[in-house]
Each structure stands twice: as structure tokens, then as C-alpha cells.
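Student: I'd like to ask you about the structure that follows.
The values are calculated or read from the model by the stated rules, or taken from the named source; none is laboratory data. Computed from a predicted model, the values in this text were never measured in an experiment. Reconstructed Cβ throughout: ideal geometry from the backbone, glycine too, with neighbour counts over all protein chains shown. Just so you know, the surface numbers come from the protein's heavy atoms only, side chains and all, with ligands and any DNA or RNA stripped out. Shrake-Rupley method; radii C 1.70, N 1.55, O 1.52, S 1.80 Å.
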Amino acid sequence: MANKLVFALVILFLLNKPNLLQAIQHRFLLNTCNPSGYLPGTDTDNCNTENDSQCCQAGQSYPQYQCSPDVSDSTSAILTLNSFEDGGDGGDPPSCDNTWHDNSEMVVALSTGWYSGGSRCLKNIKINANGKSVVAMVVDVCDSVNGCDKPHAYQPPCRNNIVDASQAVWDALEISGGEYDITWSDA
């Protein structure tokens, strides 16, 4: 009986605090991550289009995300192809170790929310796709906030659900193409 009374009081409290209720629904029940802002695009002739990378354009507005969907033992994501080599489409050297990586290495960059301020730096994640699983090391952030500048190879911010992987990861999963639906987890 006491548990039911406490539950009823909590419900009444939340109903009288619509902002708190909305925040709880938004974060825990809906598991959504909305844009935190929008970045204006700029034209540039310096965009690296390796791996069919999208370039920023003047007049366009690109969503920025501080968050990513929650990580589970099977987190849905989109796999994209990235070069971690000097001169590749990845922009500046990877932020975890400030070292270029050969495209034959099993390395990835994670969207800003999943990168979690570098807490996953140099740690492995497990990627599942095409009936196969591989392990790759996190070496960079796929910046979901900043972009359209030299450090980001003049590309827009990443979406909030991106695992940006080297060619080696794509090859090991035996997949090709610009984007591929995957699941991943901490290894």
C-alpha cells in the first residue's frame, strides 16, 4: 500500500512540473537527441571529396549535436567511410593520439556524443554488419558540433549517429558503399 501511495505522489508531483516531466519523457522514454544549434555553411574550393564526402555550401544550415543516442549492447548507427591518413578526407590528425593512421588499420571516429569527451579514446568497439563482427579502435571524434572549416576538411558536422570507419573496417565487414546500417557496442 505504501508503494502505491509513493507512486501516486510522484505522479502528482510530475504532473505539476510539466518542464521536468517533458525532460524525463524526452531523455528516458523517447531516447531522442535533438540539434543543439545550426552551423551556417560556407563555400570553399578546398573541400576534400575523397570517399564521396559532402562539402559545406553557402546558404545551407547544418544541424549541430552535443548528444548521441544511448549506447547499449547493440547500438544502431550509420557506418561511413573515412581516411585517417595525412591528406585524406578526415581533416586534422585524429584527436586521440594526434597521429595519422593507415587505411589498413582498424580504426574509427565516433559522433560527438558517443566520443564522450574522449572517454572512448584508444578503446575498442565491436561493430556488427552483414552477418560479421569486427573490433576497431576509437582514434577520433566525428565532430557533430563543428565543421565547414580546415580542421574538418570543409565538411559539415557529422550526424549524431555516425561510426566513421577506415577502409580496413569496411573490408573486414565485406561491405561497400557510402553508408551502411550497423550496430556497435563497447568491446
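Student: What FRET efficiency do you get for S185 and T32 if R0 is 22 Å and r is their Cβ-Cβ distance, rounded to the nearest 0.05? Provide the component values of the computation, followed by the final result.
Tutor: Numbers: r = 20 Å, r/R0 = 0.92.
After rounding, the FRET efficiency stands at 0.60.
Student: Using DSSP, restrict attention to beta bridges with both residues in the stretch 81-142 and report what percent are antiparallel, rounded to the nearest 5.
Tutor: Numbers: 6 of 11 bridges.
If I count the DSSP bridges inside the stretch 81-142, around 55 percent turn out antiparallel.
Student: Obtain the nm distance between the two label points defined at T49 and S95 by a simple spin-label model: each point lies 7 Å from its Cα along the Cα-to-C-beta direction.
Tutor: Rounded to a tenth, the inter-label distance reads 2.8 nm.
Student: Given bins 5 angstrom wide, list per bin the percent of all Cα-Cα distances in the stretch 105-168, short to long.
Tutor: Each 5 Å bin holds this share of Cα pairs: 4, 19, 26, 24, 17, 7, 2, 0.
Student: Ignoring ligands, DNA and RNA, please state the percent of accessible area on the stretch 26-184 from carbon and sulfur, probe 1.4 Å. Intermediate values should be presented prior to the final figure.
Tutor: Values: 3450 of 7690 Å².
The nonpolar share, carbon plus sulfur, comes to 45 percent.
Student: Count the DSSP beta bridges whose two residues both fall in the stretch 29-162, then state the antiparallel fraction as a percent rounded to the nearest 5. Please list the in-between numbers first.
Tutor: Values: 10 of 16 bridges.
Around 60 percent antiparallel, to the nearest 5.
Student: So if I restrict to the alpha-carbon atoms in the stretch 141-185, what is the Rg, and what is Dmax, the biggest pairwise distance, in Å?
Tutor: Answer for the stretch 141-185, Rg first and Dmax second: 12.1, 33 Å.
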